[in-house]
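The values are calculated or read from the model by the stated rules, or taken from the named source; none is laboratory data. Computed from a prediction, not measured in an experiment: that's the story for all the values here. For neighbour counting, all protein chains shown are included, and Cβ atoms are generated from backbone atoms with ideal geometry for every residue, glycine included.
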Amino acid sequence: MFSPVATSPGLPTPAPSSSASPNLSSSATASGTAVEFAYAARVLGREARRHGLVVPGFRSPPRVVGAQRTLRRHSDGAGVVVAVQVRGRPWFAVVADMIEGVVVANGLQAPTGDRLRTELWEALGYDLPRMQPVDAAPRVA
């Protein structure tokens, strides 16, 4: 199991949907459907593969009662399964857990993991605000 991703008001907002992808829940309080979960899993898998990373399997719900997300590595080292609780949770929390599962499955640390998280959110059609590096922020006198 890995640590949960904190949700905050700064979560990304979904980009306008196009006819090429299903209309993912745009409300931060809406719960996802099995179709949305499968779509997100396919997109995340495609992006992980494109980056030459381990592509985890995704399932719902986790086998551990009460867990919102778990990560299980196969004993032969051949694969990883990320299990995420979908029912009764905000869709953004579900997607954040799926994305974090890809990052953790590949053992990525900052800044590589941070860049991948951003790319995965964008691949799912969410528009993330661009932040300035701390050293480039305007100085207040």
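Of the residues GLY101, GLY66, GLY107, the single one that is in a helix (DSSP H, G or I) and not β-branched (Val, Ile, Thr) is GLY101. Contact map, region 112-141: residues that are surrounded by 15 or more Cβ atoms within 10 Å (Cβ to Cβ) and part of a loop (DSSP other than H, G, I, E, B) paired with residues that are modelled with pLDDT of 65 or more and of a type in the set (Asp, Glu), Cβ distance under 9 Å, separation 6+ or inter-chain. Pairs shown: LEU124/GLU47; LEU128/GLU122.
Residues that are free of Cβ contacts under 8 Å to residues at least 60 places away in the same chain and touching a helix residue (DSSP H, G or I) at 6+ places or on another chain (Cβ under 8 Å) were ranked within region 74-94; the one that is farthest from THR33 (Cα to Cα) is VAL80. The residues of region 21-56 that are closer than 21 Å to GLN85 by Cβ, touching a strand residue (DSSP E or B) at 6+ places or on another chain (Cβ under 7 Å) and at pLDDT below 95, listed by number, are LEU24, SER26. Does ARG73 satisfy the criteria of being under 13 Å from PRO56 (Cβ atoms), surrounded by fewer than 16 Cβ atoms within 10 Å (Cβ to Cβ) and more than 14 Å from the chain's Cα centre (by Cα)? The answer is yes for ARG73.
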